[in-house]
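Report on the following structure.
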Amino acid sequence: AHDFRSRNDDSEDTELRFVTCQSLWNQIKSETEQIQEDLNKQLLDNLVSFLSRSHSEFQEKTTEWTCRMKFREIPTAALVLGVNVTDHDLTFRGLADVLQDNVTPYVALLEAKDCPGIKNLMQKLMGQLMNCDIDEDSLEDEDCVQVSQNKIRCSMSSLISWYESVTKKTDSETPSKKRNSSSRHWQSPPVVVIFKDMESFTTKVLQDFLVISSQHIHELPLVLIFGIATSPMIIHRLLPHSVSSLLCIELFQSLSCKEHLSTIIDKLLLTSQFPFKLGGKVLQVLINIFLYHDFSVQNFIKGFQLCIVEHFYSQPLSVLCCQLVDLKKRVYSLAHDQCENIRRLPSFRRYVEKQESGKQIELLTNDSFLKEETEKLLKDLHHYHENYVPILRCLHVFTSSLPKYPLGKQIRELHCACLENRVWETEEYESSLQLARMLNKTDLVTMLQQCVEILMSSSGKEFDKTVQKLKEFLTQFQNLEAEASQERDVSVSSQKELQKKTDLYHLQKTLLELKESRRSKKLTKFEVLRFEVVDYIDSLVRKYLVPADDRTLHEIMYFNAATVLRGHLNAAPRTALHTALNNPHWYLKNQALKCDGGGISNKAPDICIVYKLHLECGRLINLVDWLEAFSTVVMAAEEPNADAASSDQVDDIIHARFIRAVSELELLGFIKPSKQKTDHVARLTWGGC
């Protein structure tokens, strides 16, 4: 809230804007979590079922488990999650929570960065299972974990002893406690070990752990879950056959990230539930980052949340970006300054220009009249959203069934096209209409039925007549079937008459008449009806899918600053480095470091001095000359010292500072050692940023 006030000190609605932004953020966050939970439910249920089968075999000591014990096979779930690695953490946290709530309290999540060796892996594993903290400094020195003031050696035998002790303790509890615990967890619950990033684990660590575990599988109900980003074949590439044969693997596939994104867009953007909307170019920026950078749904959601904050931070009138129930109260509580902000909006100015002169004067001078008109316009904008989404879905039903997808296969592509332009004026839309006019009756009937379902389930109040019209089309298509059967009978009888005429003259005359009738052939009833259906859908598109930029006061609800968003999300590391090294005062907020005329301040950090000096050099830089220039700049403000010993000491310090600064430049990629001359380095970057 302080940041909002610091930028808009003259606004009386800053606190309300902050509260509105925070409320909207929380609503979207909870909705997103619910969507992701629903999307992962099937996958999590399948994993729980897999654990149930594996565990029941262990408990009952069935023939299958006995065979598995004989071959020392470990039940293993290969969970293919896709290349969107940044989303995996959320999936694994959800999986661990489900398992700990319903299956077993003994779940460990391991990452490759924490397990460079088998000793580290066992320490992490036992530390998580026993719910004890591990001192990071002791990982390298000791092979034990601290549990209840006792040190336990990190080994599989210690883990088995601990497991037997905790399960016996559970079995010895009172019946009431045992009944409560068994309602949540299974009896003798399995030990689940999740390898979050299997591809990153070294072969030796995995191999050693699997071989050791397989030797104790008859004593410990161990179940493994491998998190895989690429392909299940990575298991056989990382592990030799002698080790992979110790695993009884079952494959699980998560929902693809593109399908996940489509669901998020459908639930968050293509809905009238949230008043805040993204402009076409902004949405395209987020989708492009998703498709061409990381495939991360989480980063897409963070970008969406960033748009919310930026919109409420930069737009004073975003206080009116609220639900209909709160709209009237907020509009009539606007101060005069906010009324002036409304009058400055480009869309409102265009609206005023279209009005008669008397109304123009009232809108520009009378705040009360302006508030009444603002309330009416914002209500119209809400109704526009309610009508926009169902018609967009109906149009998508038609375009997604076409063979070439001129407007794109996904509804997000169609949504972007409708936001950015009048879609009916584009060539892609014309191509879609031409293809739609060639659809067969079965496809048309199916599409009309889907459109009726969409419109009947929508919240729009203007679609009663539309639904009635679409049902009439369906009835006409049904009536055409009876007529078509009669026409087929007529054509068969005419062919029989033609066969009876054996005279050559009459036969040629009849054929010429048929040929002439085909040339001047009129459209069939089906073709006429098909044209009517397509034209009616076209009229709905032109009426309801008007671009948001054409709506008055769209700036209040739509975030269109694509350039600002691109600057936040698209990193430009070289530009940032150049700014930091060339103008250190920009980031350090220290005006003493500012130099005019391209000079070099001796108060700047050493790496900044070295960087500026290197910009003055050519392809190869002499280290001796560079050191002398650096020493000259650093010693510029210091008085000459007559003491030779102390002077030598100062030279050594400057030399050390120079070496460190040059090493940092090399680490950042600005220079590299030269093979041509040992006392030179090669410059790697050229040109301005």
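Just so you know, all these numbers are worked out from the coordinates, no wet-lab data involved. Being a predicted model, the structure only gives us computed values, none of them experimental. Cβ atoms come from the backbone with ideal geometry, glycine included; neighbour counts cover every protein chain shown.
At-a-glance table
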item	result
Packing-based ranking, highest mean first, of 261-270, 40-49 given that Cβ atoms within 10 Å are counted	261-270, 40-49
Estimated dipole of the stretch 375-414 in Debye, rounded to 20 [Cβ of Lys and Arg +1, of Asp and Glu -1, Cα centre]	200
Potential lengthening between residue 465 and residue 405 on full extension [0.36 nm per residue; Cα-Cα distance subtracted]	18.7 nm
Cα centroid of the stretch 613-628 to Cα centroid of the stretch 403-430, whole Å	56
Tensor-based shape of the stretch 573-683 (alpha-carbon gyration tensor, a/c under 1.5 rounded, otherwise prolate or oblate)	oblate
Stretchable slack from residue 80 to residue 625, in nm (0.36 nm times residue separation minus alpha-carbon distance)	190.6 nm
Karplus-derived HN-Hα couplings along the stretch 284-291 (A = 6.51, B = -1.76, C = 1.60, θ = phi - 60°), whole Hz, x at Gly and Pro	5, 4, 5, 5, 5, 4, 5, 6
Segment residue 350-residue 237, extension gain: residue separation times 0.36 nm, minus the distance between their alpha carbons	34.2 nm
The stretch 524-567 residues near the modelled residue 438 label - backbone nitrogen below 19 Å, point 7 Å along Cα→Cβ	524, 526-535
Distance from the stretch 291-370 to the stretch 219-239 (C-alpha centre basis), Å	53
